[in-house]
1. Restricting attention to the stretch 84-121, which residues are more than 18 Å from residue 37 (Cβ to Cβ), of a type outside the set (Lys, Arg) and under 12 Å from the mean Cα position of the chain (by Cα)?
2. Before we move on, is residue 62 on the phi > 0 side of the Ramachandran plot, over 13 Å from the mean Cα position of the chain (by Cα) and either surrounded by 13 or more Cβ atoms within 10 Å (Cβ to Cβ) or among the acidic types (Asp, Glu) (or both)?
3. Quick check on the stretch 80-103. Is at least one of its residues closer than 21 Å to residue 29 by Cα, surrounded by 14 or more Cβ atoms within 10 Å (Cβ to Cβ) and modelled with pLDDT under 90?
Amino acid sequence: MNPVRSVVLFVLMMIGTSVLAQSPNPFVGTWKVTWEQQTRGSGVVPGGTRNFEAEMIIAASGGSWKTLGVSRGDDPCVGKEVPVVVEKQTDDELNVRLKFSEVAQGCTDSMVRLKRVDDKKLTGTRGKSEVTATKQ
């Protein structure tokens with residue numbers, strides 16, 4: 001075998017071994033996210049605490065977030081599917097920005113900071129609210 005061909009085969013084998021050795025991204029998938037949040041009152045509905053749920057989909061690059069439920073007029077951002085931008089990721093940590101500003105006027109982006117508890121559960125914060133994410 002000629003030396004050039006040997007070097008090319010060696011490089012291809014090393015690249016292949018490197019790709020196989022990479023572990024899968026533990027955050028990729030569909031997550032059910034739950035949290036409680038203070039709501040502002042109106043002249044008709046008093047303020048208080050409200051339970052929220054969202055579906056978060058994390059893909060190899062980016063993802064989406066959709067807060068489930070129907071807005072009662074107090075939050076025009078509820079129910080909109082918004083892009084997710086991964087801002088930080090380690091083996092045990094995932095920080096994502098929810099890009100509400102890209103889909104509805106008057107909505108502001110939100111940060112979600114999560115830490116891995118195990119393969120099926122993440123905990124963290126969204127603003128001042130504590131969140132729990134369960135892999136579906």
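The values are calculated or read from the model by the stated rules, or taken from the named source; none is laboratory data. Nothing here was measured: the structure is a model prediction, and the numbers come from that model. Positions of Cβ are backbone-derived with ideal geometry, glycine not excepted, and every protein chain shown enters the neighbour counts.
1. Passing the criteria: 84, 85, 86, 87, 89, 93, 94, 95.
2. Taking the combined requirement at face value, the residue does not satisfy it.
3. Checked the stretch 80-103: at least one residue is closer than 21 Å to residue 29 by Cα, surrounded by 14 or more Cβ atoms within 10 Å (Cβ to Cβ) and modelled with pLDDT under 90.
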